[in-house]
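Rule-based calculations on the coordinates, nothing more; no lab input. Please read all numbers here as calculations on a predicted model, not as lab measurements. Note: ideal-geometry Cβ built from the backbone for every residue, glycine included; neighbour counts use all protein chains shown.
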Amino acid sequence: MIGLEYILGLYGMQHIDLAEHLGIKKQNINLWLKGKQGIPKKYLPILEELFQVKAEHFSKELDEIERLEIQKEKLKKDLQPIIRNHKYVLNEGAEKLDLVPVYDKEEINTIERSIEKASIVKRFRESLDVIDKHPFIDSYRIIVELMEQVGTEIILHKTLQGLAHYLNVLPSDISTGDEQKEFETALFEVLDDHNY
């Protein structure tokens with residue numbers, strides 16, 4: 001399903017309504033949706049303004065994250081949420097924490113979490129795909145097992161955070177203070193004692 005078809009469904013708009021808005025025949029819209037004809041460039045700015053979606057999304061197959069982002073923008077347009085506060089989040093490849101908004105409408109916050117989850121799954125899958133020749137594929141199995149069985153345990157979170165600091169994966173500003181530093185020191189003493 002190309003982006004235009006997904007967006008029309010999301011907005012509950014019929015092909016004929018879009019055709020009337022653009023001043024063209026319904027058959028043209030059908031040709032675009034079936035991929036028999038590309039969307040002419042002159043209509044892309046109109047579609048962008050109408051749906052508040054980037055032009056590149058109308059003619060391509062959308063992935064899960066793109067669909068969620070489009071849903072989020074529609075929700076923002078419909079609900080007009082207010083930013084209640086901000087939270088710090090580590091984004092992919094970030095050298096520091098980014099400040100992201102927390103909205104007063106739970107629907108927006110829920111879709112933000114869905115986008116974050118989809119992004120993490122995508123990154124995990126991509127890292128797993130390049131691991132074919134890697135000797136430590138068992139590490140992925142262990143990570144999945146840990147997340148399934150004890151994913152909400154603070155000891156797991158602190159251990160991962162400690163390892164990430166030790167391996168310089170996380171920016172230095174990600175820390176829970178003295179408690180985390182004490183935990184990391186104890187963790188690395190155990191690892192040293194066992195020659196890791």
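The relative contact order of the chain comes to 14 percent, based on Cα pairs under 8 Å that sit 6 or more residues apart.
Here's the picture: charge each Lys and Arg Cβ at +1 and each Asp and Glu Cβ at -1 in segment 21-154, and of 101, 81, 33 the one pushed furthest to the positive end of that dipole is 33.
Placing +1 on the Cβ of every Lys and Arg and -1 on the Cβ of every Asp and Glu, with nothing else charged, gives segment 67-120 a dipole about its Cα centre of roughly 120 debye. Derived scalar couplings between HN and Hα for segment 73-79 equal 5, 5, 4, 4, 5, 6, 8 Hz in order, rounded to whole Hz, by the Karplus curve 6.51 cos²θ - 1.76 cosθ + 1.60 (θ = phi - 60°), x for Gly and Pro.
Per DSSP H run of n ≥ 4, the term is -39500 (n - 2.57); total these for the chain, divide by its residue number, and report the mean residue ellipticity at 222 nm rounded to 500 deg cm²/dmol.
Values: 9 runs with 117 residues, N = 196.
Computed mean residue ellipticity for the chain: -19000 deg cm²/dmol.
What the phi angles of segment 113-121 give under the Karplus curve with 6.51, -1.76 and 1.60, with θ = phi - 60°, is a coupling list of 5, 5, 5, 4, 4, 4, 5, 5, 4 Hz, glycine and proline written as x.
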